[in-house]
Amino acid sequence: MKHLLTLDRDELRRWLVEHEQAEFRARQIERWVYQGRAVSFDDMSDLPATLRAALKDEFQIWTTQVAAVHKAPDGTRKLVLQLADGGRIECVLLRDRDNARRTVCISTQVGCAMGCVFCASGLDGVQRNLTRGEILEQMLLLARLLPADERISHIVVMGMGEPLANLNELLPALERASHSQGLGVGVRRITISTVGLPAAIRRLAKLDARFHLAVSLHAPNDELRNRLVPINRKTGLEAVLSAADHYFEVSSRRLTFEYVLLADVNDQPEHARQLAALLRGRAALLNVIPYNPVAGLPYRTPSPAAQGRFREILEQAGVNVQFRERKGSDISAACGQLRRQMSESGPAGAAPGGSGPADTDPRSAGPDAVSQSS
Ligand code: SAH
């Protein structure tokens with residue numbers, strides 16, 4: 001069976017023509033999938049029965065199983081998805097009532113090859129890239145958790161994996177997501193977070209689509225970054241920053257740098273001062289993420305006092321700094337955490353603070369699935 005979501009717009013039209021169907025059916029099918037929340041071809045009530053049957057013979061819309069749904073009191077929902085080959089990934093829906101943002105956070109790989117020492121996603125290396133269909137499927141499943149009158153407003157590619165190591169699949173998925181006949185999330189509301197792969201950042205800079213780029217820095221010098229972000233031994237900080245500058249120049253989109261704050265590792269006043277020097281003259285936002293502890297790893301979240309001290313040095317140096325709120329941290333919403341807990345204890349033992357294993361596949365849950373708990 002082929003995965004319907006891997007077909008691009010032309011491929012679906014070609015398939016229809018080959019099956020002696022009118023091309024406009026493609027538009028109907030897309031509307032059902034991307035806007036109509038169809039679960040199966042049977043839901044596509046304006047298609048002829050013969051076409052529905054032909055589609056069913058050749059395609060599946062869904063390839064993943066929802067292994068768990070976790071709900072946090074703040075409205076965050078996290079899905080653990082089991083792929084057809086047994087691999088597991090995670091994706092998250094963040095629903096912010098204050099500013100009416102409905103953000104999905106998606107994965108691009110099973111595991112991760114970058115090896116950042118504090119991160120749960122890469123502890124077992126990378127198994128494989130996700131397909132464009134699997135990337136889209138995450139967004140569609142999360143969209144179904146929203147009330148019927150709400151749409152996804154933002155996409156952040158900050159789940160498991162290194163997005164720039166899978167651009168060939170990610171870009172077609174984002175093209176669908178941003179298309180008005182897809183999910184309609186404009187490229188300006190799509191953020192790609194990268195460990196900082198200079199060649200791939202330059203490839204992104206050549207595209208017409210001006211995604212928002214976030215670069216994970218985590219250290220203000222090569223010596224420390226080599227230790228925390230091992231891929232830095234190959235790239236070096238200098239090349240990462242100059243590729244990021246280039247992206248800023250051609251896209252004129254303000255960059256974001258991410259900095260995971262680890263107690264006694266990269267949170268000292270000297271680190272803040274070096275970081276301020278590094279960012280001086282760059283029109284960038286510094287997003288500081290207090291560490292979300294991962295079981296089995298020795299890293300800790302800095303105390304509020306240490307966080308405050310770090311922040312103050314940067315602010316006084318004129319850096320535009322923001323501390324990220326830890327939404328959903330009680331459902332292990334940091335990348336790779338939940339998958340790991342599940343593989344250690346089995347699905348039944350998962351979800352500290354969550355609602356336990358899924359009783360609600362978003363494909364069957366009612367439209368108010370998100371709002372029921374809060
Ligand atoms: N591979 C991409 C996406 C990773 S997830 C990248 O490196 O940017 C997005 C951010 O969360 C990255 O900055 C990542 O380093 C950070 N992160 C990973 N594990 C974390 C944890 N346990 N606590 C806080 N942030 C974490």
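The values are calculated or read from the model by the stated rules, or taken from the named source; none is laboratory data. Remember, it's a predicted structure, so these values are computed and weren't measured experimentally. Note: ideal-geometry Cβ built from the backbone for every residue, glycine included; neighbour counts use all protein chains shown. Just the protein is used for accessible areas: all its heavy atoms, side chains included, with ligands, DNA and RNA removed. Shrake-Rupley method; radii C 1.70, N 1.55, O 1.52, S 1.80 Å.
What pairs can you find where one residue is in the range 49-76 and among the basic types (Lys, Arg), the other is in a helix (DSSP H, G or I), and their Cβ atoms are less than 9 Å apart, with a gap of 6+ or different chains?
The qualifying pairs are ARG52/PHE41; ARG52/ASP42; LYS56/PHE41; LYS56/ASP42; LYS71/ILE331; LYS71/GLN372; LYS71/SER373.
What about ASN266, is it within 12 Å of the ligand (Cβ to nearest atom), free of Cβ contacts under 8 Å to residues at least 60 places away in the same chain, assigned by TED's automatic domain parsing to the domain that holds SER303 and farther than 18 Å from VAL321 by Cα? Break it down into steps so the answer makes sense when it comes.
Working: within 12 Å of the ligand (Cβ to nearest atom): yes; free of Cβ contacts under 8 Å to residues at least 60 places away in the same chain: yes; assigned by TED's automatic domain parsing to the domain that holds SER303: yes; farther than 18 Å from VAL321 by Cα: no.
Judged against the criteria, ASN266 is not a match.
Return the residues of the range 77-95 that are open to solvent by 10 Å² or more (accessible area, probe 1.4 Å), farther than 19 Å from ALA177 by Cβ and in contact (Cβ under 8 Å) with a residue 60 or more places away in the chain; say none if nothing qualifies.
Correct list: ARG88 only.
Of the residues in the range 153-170, how many are more than 13 Å from the chain's Cα centre (by Cα) and farther than 13 Å from THR194 by Cβ?
Of the residues in the range 153-170, 3 are more than 13 Å from the chain's Cα centre (by Cα) and farther than 13 Å from THR194 by Cβ.
Somewhere in the range 254-265, is a residue under 25 Å from the mean Cα position of the chain (by Cα) and open to solvent by 70 Å² or more (accessible area, probe 1.4 Å)? Steps first, answer last, please.
Here is the first cut: in the range 254-265, the residues under 25 Å from the mean Cα position of the chain (by Cα) are 254-262.
Next cut, open to solvent by 70 Å² or more (accessible area, probe 1.4 Å) only: 254.
Yes, the range 254-265 has at least one match.
For the structure I just gave you, tell me whether THR131 is closer than 26 Å to PRO293 by Cβ, open to solvent by 10 Å² or more (accessible area, probe 1.4 Å), touching a residue at least 12 places away in the same chain (Cβ under 8 Å) and hydroxyl-bearing (Ser, Thr, Tyr).
Working: closer than 26 Å to PRO293 by Cβ: no; open to solvent by 10 Å² or more (accessible area, probe 1.4 Å): yes; touching a residue at least 12 places away in the same chain (Cβ under 8 Å): yes; hydroxyl-bearing (Ser, Thr, Tyr): yes.
The answer is no for THR131.
For the range 297-340: of the residues being assigned to a loop (DSSP other than H, G, I, E, B), small (Gly, Ala, Ser) and modelled with pLDDT of 95 or more, which is nearest to the ligand (Cβ to nearest atom)?
Taking the range 297-340 as the starting set, the residues that turn out to be assigned to a loop (DSSP other than H, G, I, E, B) are 297-303, 317-319, 324-328, 332-336.
The next check asks that each one be small (Gly, Ala, Ser); those that pass are 303, 317-318, 328, 332-334, 336.
Those left that are additionally modelled with pLDDT of 95 or more: 303, 317-318.
Numbers: SER303: 16, ALA317: 22, GLY318: 23 Å.
Applying the filter and picking the extreme gives SER303.
Of all residues in the range 227-253, count the ones that are open to solvent by 20 Å² or more (accessible area, probe 1.4 Å), part of a helix (DSSP H, G or I) and touching a strand residue (DSSP E or B) at 6+ places or on another chain (Cβ under 9 Å). Even if it seems obvious, please write down each step before you answer.
Applying the first criterion (open to solvent by 20 Å² or more (accessible area, probe 1.4 Å)) to the range 227-253 yields 227, 230-231, 233-235, 238-239, 242, 245-246, 248-250, 252-253.
Checking which are part of a helix (DSSP H, G or I) leaves us with 227, 233-235, 238-239, 242, 245-246, 248-250.
Subset that is touching a strand residue (DSSP E or B) at 6+ places or on another chain (Cβ under 9 Å): 245, 248.
Total meeting the criteria: 2.
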